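Step one of this worksheet: look at the structure below.
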Amino acid sequence: MRVIGLMSGTSYDAVDAAAAELTFEDDGDVLRLVPLGMVSAPYEAPLRSALAAALPPAPTTLADVCRLDTGIGQAFAALAVRADRELCEGRAELIASHGQTVFHWAADGQVYGTLQLGRPAWIAEAAGCPVVSDFRPRDVAAGGQGAPLVSLVDLMLLRGRPGVPAALNIGGIANLTALPASGGPVAFDTGPGNALLDAAVHELTSGRLGYDEDGALAAAGRVHEPLLHRLLAEPYYRLPAPKTTGKELFHHGYLRAALQGFAAPDPQDLIATLTRLTARTVADALRPLGTTEVIASGGGTRNRVLMAMLREELAAGPRLLTSDALGLPAAAKEAYAFAVLGFLTLHGLPGNVPDCTGARGPRVLGSLTPGRRPLRLPPGPARPPRSLLIGRE
């Protein structure tokens with residue numbers, strides 16, 4: 001089945017679409033994923049500005065939410081149509097849309113709700129395919145954190161690898177999934193990936209730049225150790241897993257509060273410090289797990305300074321590589337992961353890992369919006385696949 005996964009992360013700069021051919025093998029114990037390519041499109045400036053203006057801690061209105069839900073849905077729909085045409089020869093059979101997270105209601109180690117915008121009806125109408133969306137709420141309703149949902153795909157990818165492997169995604173927020181030597185799998189958000197970095201770059205350049213391209217600003221600066229020490233005192237880092245966080249915590253206001261009492265650091269020094277914060281908190285999260293291999297993905301892998309700092313922090317610890325080495329493009333890994341989750345939902349199979357999210361049990365995730373044709377649910381195996389193979393035989 002040809003499936004398109006749609007994703008816009010916490011950096012909310014663009015929408016990514018990754019197309020895959022997915023098939024069950026070995027009586028459903030194995031899922032084979034053949035990558036068909038990725039296309040991406042930035043949010044149009046007015047939509048991105050409206051989204052930025054509505055995100056916490058800013059106040060917003062229900063009218064703003066409705067307009068954003070429609071605008072984001074239409075942006076996702078346009079990219080889905082393009083991905084079907086350019087990557088699937090017009091033969092896509094399913095679209096899995098993560099939507100745009102605008103609020104993740106977490107407090108005292110528990111998640112009470114989550115909201116992703118991007119009305120799937122626009123996608124189904126434009127592309128004609130059924131759409132699976134709203135993946136996170138079912139896990140939350142079952143007592144889970146609603147994140148990291150990609151842990152199921154990560155575990156399928158990690159099983160069978162030697163030692164103690166871990167998958168790391170560095171988006172706006174960084175998250176990891178690990179298979180320790182004993183006990184069950186572990187997954188959680190480590191803290192800010194690019195969230196504080198992007199916020200600082202945007203503010204320091206008066207909106208001219210949205211991120212530190214290739215780590216150029218960080219490379220020109222020096223780490224401000226007192227500020228780093230203050231940032232590392234954030235209580236979130238000491239919470240037990242499973243745990244999740246987002247821009248509800250790590251936003252412009254958080255950074256301004258952290259800077260109070262310090263003489264304004266040079267812009268490059270601030271960026272270098274925030275880059276080190278991400279590297280340090282990721283390494284601190286990995287170290288107790290005894291990981292021997294870390295497979296990284298996400299936009300942060302394109303920041304050469306961040307990756308160099310992460311290697312320094314890990315020192316003689318685990319080997320660090322990107323998911324490209326396994327045949328899964330690092331830039332599109334999350335979009336491919338949601339394509340897999342949508343595929344599982346269509347076949348009536350659960351898409352969460354209770355050990356990783358804290359849910360009471362496995363749950364079939366998401367809501368299904370039919371396309372233009374009568375909806376026919378395909379037969380599937382009795383249980384989710386255990387392993388993921390990338391590419392053709």
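The values are calculated or read from the model by the stated rules, or taken from the named source; none is laboratory data. All of these numbers come straight from a predicted model, not from anything done at the bench. Please note: Cβ atoms are built from the backbone with ideal geometry, for glycine as well, and neighbour counts cover all protein chains shown. With ligands, DNA and RNA removed, areas are computed over all heavy atoms of the protein, side chains included. Shrake-Rupley method; radii C 1.70, N 1.55, O 1.52, S 1.80 Å.
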Inset, instruction - For the chain, give the percent of accessible area contributed by carbon and sulfur heavy atoms, probe 1.4 Å, rounded to a whole number. - result: 54 percent
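Counting other C-beta atoms within 10 Å, and keeping those with at most 15, which DSSP coil trypsin sites (Lys or Arg not before Pro) do you find in the range 43-147?
Working: sites: Arg48, Arg67, Arg82, Arg85, Arg91, Arg138; in loops: Arg91.
Within the range 43-147, the qualifying trypsin sites (Lys or Arg not before Pro) (loop, at most 15 other Cβ atoms within 10 Å) are Arg91.
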Legend entry - Expected 222 nm ellipticity per residue - DSSP helices of 4 or more, -39500 (n - 2.57), all of the chain, to 500: -10500 deg cm²/dmol
Legend entry - Charged-residue dipole, Cβ positions (Lys, Arg, Asp, Glu), the range 240-326 about Cα centre, Debye nearest 20: 100 debye
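Compute the length gained on full extension between Leu228 and Glu86: take 0.36 nm times their separation in residues and subtract their Cα-Cα distance, giving the result in nm to one decimal. Mind dumping the intermediate values first?
Numbers: separation 142, 0.36 × 142 = 51.12 nm, distance 4.51 nm.
Taking Leu228 through Glu86 to full extension adds about 46.6 nm, to one decimal.
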Legend entry - Whole-Å distance, taken between Cα centres, linking the range 359-386 and the range 329-348: 12 Å
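At 1.4 Å probe size, with every protein chain present, just tell me what the per residue accessible area of the range 330-393 comes to in Å². List each step's numbers first, then the result.
Working: 3050 Å² over 64 residues.
Roughly 48 Å² per residue, with all protein chains present.
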Inset, instruction - Report Rg (one decimal) and Dmax (nearest whole number) for the chain, counting Cα atoms only, units Å. - result: 20.0, 64
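What FRET efficiency do you get for Arg372 and Glu21 if R0 is 25 Å and r is their Cβ-Cβ distance, rounded to the nearest 0.05? Intermediate results must be reported in sequence, preceding the final value.
Values: r = 22 Å, r/R0 = 0.88.
So the FRET efficiency works out to roughly 0.70.
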Inset, instruction - With an 8 Å cut-off on Cα pairs and a minimum separation of 6 or more residues, tell me the relative contact order of the range 106-222 in percent. - result: 14 percent
Inset, instruction - Using only Cα atoms, locate the centre of the range 55-97 and the centre of the range 105-121, then give the distance between them in Å, rounded to an integer. - result: 17 Å
Legend entry - Fraction of antiparallel bridges per DSSP, the chain only, in percent to nearest 5: 65 percent
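If I take R0 = 41 Å and measure r between the Cβ atoms of Arg159 and Leu62 in this structure, what FRET efficiency does the formula 1/(1 + (r/R0)^6) give, to the nearest 0.05?
Numbers: r = 44 Å, r/R0 = 1.09.
Calculated value: 0.40.
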Legend entry - Highest-MSF residue in the chain out of Gln74, Gln268, Gln260 [GNM, Cα springs under 10 Å]: Gln260
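Would you please report the Å³ per residue occupied by the convex hull of the alpha carbon atoms in the range 150-203?
Numbers: hull volume 4.0 nm³, N = 54.
Hull volume over Cα atoms, normalised by residue count, gives 74 Å³.
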Legend entry - Cα-centre dipole for the range 112-212 with unit charges at Cβ (Lys and Arg positive, Asp and Glu negative), debye to 20: 260 debye
Inset, instruction - Please give the helix 333-346 orientation as an angle from the longest Cα principal axis of the chain, in degrees from 0 to 90, rounded to the nearest 10. - result: 30 degrees
Inset, instruction - Grab the beta carbon distance between Arg208 and Ala181, set R0 = 41 Å, and tell me the FRET efficiency rounded to 0.05. - result: 0.30
